[in-house]
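The values are calculated or read from the model by the stated rules, or taken from the named source; none is laboratory data. All of these numbers come straight from a predicted model, not from anything done at the bench. Counting neighbours? That spans all protein chains shown, and the Cβs are built from the backbone with ideal geometry, glycine included.
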Amino acid sequence: MSCSIHERAEVNTMTTATKRKRETTSARQRFWLALPGWTRSLISNKKSAAGLLILGFFFAIALLVPVIAPTAPQRMVGRPHDPPSEKFSFGTTRQGQDVYSQLVYGAGGSLRVGFITGTLVIIIAIAVGVTAGYVGGLVDEVLSLFTNVFLVIGGLPLILVVASLVEDPGPNTIIVVLSITSWSWGARVLRAQTLSLRNSEFVEAARVSGEPLWRIIAVEILPNMTSLVVSSWIGAVLYAILAEAALSFIGIGDPNAITWGTILYWAQNNQALLTGAWWTFIPPGVAISLVGLSLILINYGIDEITNPRLAKS
């Protein structure tokens, strides 16, 4: 009799555990199915999932700055060029500032420049390229002329000119100039794709039914260029982050602003390489490389999702 009671207790325990496991599994499945299709595709792809994980890590750092940064980035807290230790995990700068705090604060500055610039660039590229490709005629000729002019004008040389005219050039100046000068390549690519889509049956049907221009572009054409638009946007974000780092490194920018580029500038200005203070320039360099790697992985993942033959090769 006692054995049967124990057996029933074990069966009840197993039944309860099985029910909980099923409930947890069903909750996960409901959450997974509730996600948009493109989100599930990105997470399922190994390359894009790895890229999103790395990028999400740096975004978390930028958002949690008040929590994880021990001191203000410009506060002198230790001896000059103190190597990494228990007190300062990333060492100190020539001025005795905590490199770890600067690295954490710099994440927000660099990501802000990259993503704001990339978004502005792709908006201008869509407005110019898709409009030129769909409308055609004189509008196409005029917009193509502007596009070719900006293709010739380099963003970095223009920033050098603007920096010499502006009293305190900084991240905002870099965002504005890069946004104005970096849209032309994306506009040209989107124009070529629009030319191949504007005579499609679904576009012709929308035109015959009297749909306005903005709706044809937004509803009929752009959804068929999603992968191209996202790839162009990712490229613009990556270019902006690298351009900001390069310009800040050579002294074009506000040295008091905290970005990964200005950290490299001060490391170079304080002769960190000659003095062997590797902890002042390797961490920001690795951070920039990891963000670039994450964006490239996401781009590769999108290519494989939109073109399954790439995933098999």
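A few remarks follow.
- Segments classed as helices (runs of 4 or more DSSP H), wholly inside the range 150-259, with at least 1 members that are out of contact with any Phe, Trp or Tyr (no Cβ under 6 Å at 6 or more places or on another chain) and loosely packed, with under 14 Cβ neighbours inside 10 Å: 155-165, 184-197, 201-208, 226-249
- Pro84 vs. criteria touching a Ser or Thr at 6+ places or on another chain (Cβ under 8 Å) and either more than 30 Å from Phe146 (Cα to Cα) or assigned to a loop (DSSP other than H, G, I, E, B) (or both): no
- Verdict on Val77 being modelled with pLDDT of 60 or more and surrounded by 13 or more Cβ atoms within 10 Å (Cβ to Cβ): yes
- Glu86 vs. criteria over 29 Å from Leu293 (Cβ atoms), more than 22 Å from the chain's Cα centre (by Cα) and at pLDDT below 60: no
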